[in-house]
1. Helix-only mean residue ellipticity at 222 nm, the chain, DSSP H runs n ≥ 4 weighted -39,500 (n - 2.57), per residue, nearest 500. What is it?
2. ³J(HN,Hα) across the range 28-41 via Karplus (A = 6.51, B = -1.76, C = 1.60, θ = phi - 60°), whole Hz, x for Gly/Pro?
3. If you average over every viewing direction, what projected area does the convex hull of the Cα atoms of the chain give, in nm²?
4. What is the distance in Å between the Cα centres of the range 217-257 and the range 106-131?
5. Which percentage, to the nearest 5, of the DSSP beta bridges contained in the chain is antiparallel?
6. Which percent of the accessible heavy-atom area of the chain goes to carbon and sulfur, probe 1.4 angstrom?
7. How big is the range 107-167 in terms of Cα radius of gyration and Dmax, in angstroms?
8. From the cross-link list K105/K179; K28/K164; K108/K187; K4/K250; K54/K87; K2/K57, which pairs have alpha carbons spaced over 20 Å apart?
Amino acid sequence: MKHKFAVQLYTLREELKTGIRPIFKTIKEMGWAGVQISGLPKDYDPNEIALGLKENKLLAAGIHVSLNRLLNDFKAVLNEANLYGTKDIILPHVAAEFRNCEQYKEIKKLLNQLAKDEPEYRFSYHNHAFEFDIDIDGQDALSYILDPLDDNRILAEIDVFWIKKAGIEPLEYIKRYEKRMPIIHLKDMTDDERQTFAEVGTGVIDFLPIFQWGEVNGIEWYVVEQDICEGPPLRCLETSLRNLTQFAEKISGSTSR
């Protein structure tokens, strides 16, 4: 399992402003196998990203791409994905002005068309909690976008924190996306009235059964994204990785018996 642990770079968005390749070196030395591309400085050089991956032997666990870039800069998006060695392109969120029934229908149509036109790539959608507040033909927006039907090519990138934030148990929710979720987002929730972001394994989310399910249902990357860290982000990532490793050891021990 350890070869599936990756950092969502949005967690380190401020640190990346001081130098991308040094941060990649720190991530590798910490013990992570990959990074998910997002949260980069506005003036980033894709070639520097690719070099940082290569020289640190890090893999790219997908790339988060805005709706604007999918609509207006798609060729460059594909070029970047190729440069980083990933086939996973993920829409990370929908801006507030697009969070309505008609816009979600257009987004679903767009992602399916891109997936049809570029079958060598995989297109996924990453959730927050607001999708559950939008009704589309009797479904919430997330269920609508990710409806696991044969003619829907959009894959899931479920964020377990936001599922929990919506009042739903993550394990029960992800079961509908068996073999349709190559990447999952992990962060924990504090065990207090704030219900805010926490390091994996320090809060209220029960991760062990999520990993057990993931190992037999197609999870290729467990990506840690902590949107806001109460301590230094790199230290928070160390805590998450230490706990992830303990979960992996428990699973390895249970399967070897």
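1. -12000 deg cm²/dmol
2. 5, 5, 5, x, 6, 8, x, 9, 9, 7, 5, x, 7, x
3. Over all viewing directions, the chain projects a mean Cα-hull area of 13.8 nm².
4. Centre-to-centre distance over Cα atoms comes out at 27 Å.
5. Given both bridge residues lie in the chain, the antiparallel proportion sits at roughly 15 percent.
6. The C+S portion of the solvent-accessible surface of the chain is 48 percent.
7. So, for the range 107-167, Rg and Dmax equal 12.1, 37 Å respectively.
8. With Cα atoms farther than 20 Å apart: K105/K179; K28/K164; K108/K187.
The values are calculated or read from the model by the stated rules, or taken from the named source; none is laboratory data. Remember, it's a predicted structure, so these values are computed and weren't measured experimentally. A quick note on method: Cβ atoms are made from the backbone with ideal geometry, for glycine too, and the neighbour counts reach across all protein chains shown. The protein model used for the area step is the full one, side chains on, heavy atoms only, and it has no ligands, DNA or RNA in it. Shrake-Rupley method; radii C 1.70, N 1.55, O 1.52, S 1.80 Å.
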